Amino acid sequence: MVNPDPRARLVRTLLDADSSASAEELTRVLVRELLSFGSETPSNLACAAHVEYGSRFTPPGPGRRPVSGLRIRGTDVPLGDVAWEIESTPLPRERFPGLTVEQWEAATRAITLLVLALEREEEPTP
């Protein structure tokens, strides 16, 4: 059997997060595959040290439900919320002089949707 390349393994790891594996196991595999894909640079090591799978409840109100997904390690801050904040960041024109504001907004929205797609609803505990 051919061992998939690091990118394919990372994608598979992210997609498999919808399985019944524990948050600890998902985090362990995520860290391994992030570093395999991105190498052990200081920024990638910091990323791996500060990202985990975890459970949380959606904000209070109608439809409050348990969900799990990527979050900042040791906090209740989901990466989806971080991505939403990035959406309100102004277009860095010096870095992307050819983009319009509309294109920047589309790109940041796509990032948010991709991160949110990695979340899964959990069965409520009685």
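Please compute the length gained on full extension between Asp76 and His50, using 0.36 nm multiplied by the number of residues separating them and subtracting their Cα-Cα distance. Spell out each step's value before the answer.
Details: separation 26, 0.36 × 26 = 9.36 nm, distance 1.23 nm.
Gain in length upon complete extension: 8.1 nm.
Heavy-atom accessible area of Ile111 with all protein chains present, probe 1.4 Å, nearest 10 Å²?
Near enough 90 Å² of accessible area.
On a full-extension model of 0.36 nm per residue, what is the gain between Leu15 and Glu40, subtracting their alpha-carbon distance, rounded to one decimal in nm?
Numbers: separation 25, 0.36 × 25 = 9.00 nm, distance 2.26 nm.
Length difference between fully extended and current span is 6.7 nm.
Where is the GNM fluctuation largest for the chain (alpha-carbon springs, 10 angstrom cutoff): Leu91, Leu34, Leu79?
Leu91
GNM, the chain, Cα, under 10 Å: largest mean-square fluctuation among Arg64, Arg32, Arg56?
In the Gaussian network model the winner is Arg64.
Quick check: residue separation of Glu87 and Glu24 times 0.36 nm, minus the Cα distance between them. What number comes out in nm?
Values: separation 63, 0.36 × 63 = 22.68 nm, distance 2.94 nm.
Stretched fully, the Glu87-Glu24 segment lengthens by 19.7 nm.
Quick one: in the chain, what % of C-alpha pairs are over 24 Å apart?
Details: 2990 of 7875 pairs.
Across the chain, Cα pairs with separations above 24 Å total 38 percent.
Could you do me a favour and compute the accessible area per residue for the chain, 1.4 Å probe, result in Å²? Can you show the working numbers first?
Numbers: 8510 Å² over 126 residues.
Each residue of the chain exposes 68 Å² on average to a 1.4 Å probe.
Based on the alpha-carbon gyration tensor of segment 2-52 and its eigenvalue square roots a ≥ b ≥ c, which shape applies: rounded if a/c is under 1.5, prolate if not and a/b is larger than b/c, or oblate?
Numbers: a/c = 2.66, a/b = 1.17, b/c = 2.27.
Taking the square roots of the gyration eigenvalues as a ≥ b ≥ c, segment 2-52 is oblate.
Give the shape of segment 25-64 as rounded, prolate or oblate, defined through the alpha-carbon gyration tensor: a ≥ b ≥ c are the square roots of its eigenvalues, a/c under 1.5 means rounded, and otherwise the shape is prolate if a/b is larger than b/c and oblate if not.
Numbers: a/c = 4.41, a/b = 2.73, b/c = 1.62.
The shape class here is prolate.
For the chain, what does the relative contact order come out to in percent, with C-alpha contacts under 8 Å and a separation of six or more? Don't jump to the answer; show the numbers that get you there.
Details: 126 pairs, mean separation 28.4, N = 126.
Relative contact order here is 23 percent.
The values are calculated or read from the model by the stated rules, or taken from the named source; none is laboratory data. In this text the structure is predicted, and so the values were computed from the model without any measurement. All accessible areas refer to the heavy atoms of the entire protein, side chains included, with ligands and DNA or RNA removed. Shrake-Rupley method; radii C 1.70, N 1.55, O 1.52, S 1.80 Å.
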